[in-house]
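The structure appears right after this line, and notes come after that.
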Amino acid sequence: MNLSPDQQAALSTITQRILAKDPTPIVLTGYAGVGKTFMLNAVYEELAKHGIGGDAIRLVAPTGKAAARVRESMAGFGTIVTTSTIHQLIYSRPVEFGTCPACGRRSAELAMSPKEWRKLKKEWATCPHCRRDLAFDVPITVDLEFVPKAGDHNASDTKEAPIRVVICDEGSMLGTKVYADLISHVPPGATLVISGDPGQLPPVNDTWGPDFDHPTATLTRIHRQAEHSPIIRLSRSIREGMSMADVQTAIFEAGRSSGTAVQVHTKATLTEPTEWLVSRREQGTDATLLTYTNATCTALNARVRVRRGFTRAYQERRQCVVPGDRLLVQANMGDRGLMNGEVYVVGAAGKIPSGTYRYVDEDDFEIVQLEGVTGGPLIIPTAALAERDARKFHGTTAHWRKIYETAKRRAEAGSTYADIRRQLFRKKEACYADMMWAGYGECLTIHKSQGSQWDSVGIVWDKALWGLRYHEPETFRRLLYTAVTRAAREVQIWLL
């Protein structure tokens, strides 16, 4: 490996701390393009020389898409690794039964909306056998409230090799609570390594957990693109601009002087970015649109789908998803390899045949097969595609009340949860086992784009972003920096 001086110094410091079993977290920082992932690969190779590898190193990221991206990047360097989200490593899903402390009987609770849960819990909060209050450990919702796993993750008590290193990429997405939980679950004798970009957005409604103000090591030399790259120059100007006027001037200057790499379009409408993305799709370019607000994102998704002819299926047969659609995964499905934040292309789609599931209205769901995803088709609630919160949509109250009441009776009769799931549905696999929470993914918000990269990125500068420029200039700066650094070759900016 050809390492620059700053990378050599960082590698030496990180390796020494790991071999010394230093419990203090290691924070590696660097702005876009300095080679943070390349640095992590160098750490892997250096530790392998000291006999540390395989399951002794855990590589995690805050989101599923970030975990997938770092896995692909490491594979590009010739290092095959297994990645997971932090939640998969240190959190447990809530139990799915309430247990009576007196007689030990369990009452099944199937996932439902918080409102439904509160209503039903009032009605079924006592054991029907001894009338004692049931001990519900955690509220059961599909929008799950994860709780830390008991104990630590030192695998030395099992047949697995003990964990020596936990590496977390995209550390700039770590909030204070998740960071504290991650530290508490690092086993004794192991070292936590955090890699992040201090120029990006902090977590929503939170601050950074890692101490980026006092990092262990900092990378400064640009590697991913040449020093004269217009995209790197623009990102640096955004980050280092003394005032918002300087930032705005840098954007217009980049548009005038960088040729096709960076272009700025003034007095634009939503039609221009829509046509640009459609043309890039037709050329086979890896491209996306980014914007600040959900409202603009929704409008652009609708326009792109109309322009690509995807809405005719809904007009003809009320079908919301068609082959070629891009879907944004909104919840992890580890058993199917789907990670929150990833975008997949639909290979096949259709309506669910009538009578497939008991208590489920087929008009509320559609069945899809995603390209590159094995394990059979998936079910999507159409409410998610209508831009409602998919994680809180579960059909009508009557449907799921019937499921709950039936499950409750069978649980009291001694049936296991797996038996209940099989009995409630006509097909062998249960509806929820194949259900994917997703929305349209032609356009994303800048927050959801963190951890990803495309060849071409179109940034739609809407009115809300204009307002942020005056009221929250630091957030405005970080939003633009994050959006620009998602691009590898081309940035288009439309000022609405």
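The values are calculated or read from the model by the stated rules, or taken from the named source; none is laboratory data. Since we're looking at a predicted model, the values are computed, not measured. Here the Cβ is made from the backbone with ideal geometry for all residues, glycine too, and neighbour counts use every protein chain on show. Surface areas here come from the heavy atoms of the whole protein model, side chains and all, with no ligands, DNA or RNA. Shrake-Rupley method; radii C 1.70, N 1.55, O 1.52, S 1.80 Å.
Here are the numbers:
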| read-out | value |
| --- | --- |
| Any hit, the range 252-264, residues being modelled with pLDDT of 85 or more and under 30 Å from residue 8 (Cβ atoms) | no |
| Looking only at the range 32-66, and only at residues there that are open to solvent by 40 Å² or more (accessible area, probe 1.4 Å) and either of a type in the set (Val, Ile, Thr) or in a helix (DSSP H, G or I) (or both), the one that is nearest to residue 220 (Cα to Cα) | 38 |
| Enumeration of residues in the range 454-487 that are part of a loop (DSSP other than H, G, I, E, B) and either among the aromatic types (Phe, Trp, Tyr) or in contact with a Ser or Thr (Cβ under 8 Å, 6 or more places away or on another chain) (or both) | 462, 485, 486 |
| Pair list, Cβ < 6 Å and 6+ apart or interchain, from the range 73-88 residues that are within 10 Å of residue 44 (Cβ to Cβ) to residues that are not in a helix (DSSP H, G or I) | 74/81; 81/59 |
| Search result, residues across the range 327-352 that are in a strand (DSSP E or B) and under 16 Å from residue 64 (Cβ atoms) | 327, 328, 329, 333, 338, 343, 344 |
| Any hit, the range 191-206, residues being at pLDDT below 90, open to solvent by 40 Å² or more (accessible area, probe 1.4 Å) and not in a loop (DSSP other than H, G, I, E, B) | no |
| Only one of 271, 311 that is more than 21 Å from residue 437 (Cα to Cα) and either of a type in the set (Ser, Thr, Tyr) or open to solvent by 40 Å² or more (accessible area, probe 1.4 Å) (or both) | 271 |
| Filter result for residue 390 (over 21 Å from residue 285 (Cβ atoms), at pLDDT below 85 and out of contact with any Cys (no Cβ under 9 Å at 6 or more places or on another chain)) | yes |
| Close pairs (8 angstrom Cβ cut-off, 6 or more residues apart or separate chains): touching a residue at least 60 places away in the same chain (Cβ under 8 Å) in the range 454-474, basic (Lys, Arg) anywhere | 454/486; 455/489; 456/280; 456/489; 457/486 |
| Looking only at the range 320-372, and only at residues there that are open to solvent by 20 Å² or more (accessible area, probe 1.4 Å), at pLDDT 90 or above and in contact with an Asp or Glu (Cβ under 6 Å, 6 or more places away or on another chain), the one that is nearest to residue 438 (Cα to Cα) | 326 |
| Tally, over the range 265-298, of residues that are assigned to a loop (DSSP other than H, G, I, E, B) and hydroxyl-bearing (Ser, Thr, Tyr) | 5 |
| Residue among 301, 294 that is of a type in the set (S, T, N, Q), surrounded by 19 or more Cβ atoms within 10 Å (Cβ to Cβ) and touching a residue at least 24 places away in the same chain (Cβ under 8 Å) | 301 |
| Filtered residue count, the range 18-31, keeping only those that are part of a helix (DSSP H, G or I) and open to solvent by less than 50 Å² (accessible area, probe 1.4 Å) | 1 |
| All positions within the range 1-12 that are open to solvent by 10 Å² or more (accessible area, probe 1.4 Å) and more than 29 Å from the chain's Cα centre (by Cα) | 1, 2, 3, 5, 6, 8, 9, 12 |
| Single residue of 79, 15, 85 found to be surrounded by 14 or more Cβ atoms within 10 Å (Cβ to Cβ), within 22 Å of residue 202 (Cα to Cα) and hydroxyl-bearing (Ser, Thr, Tyr) | 85 |
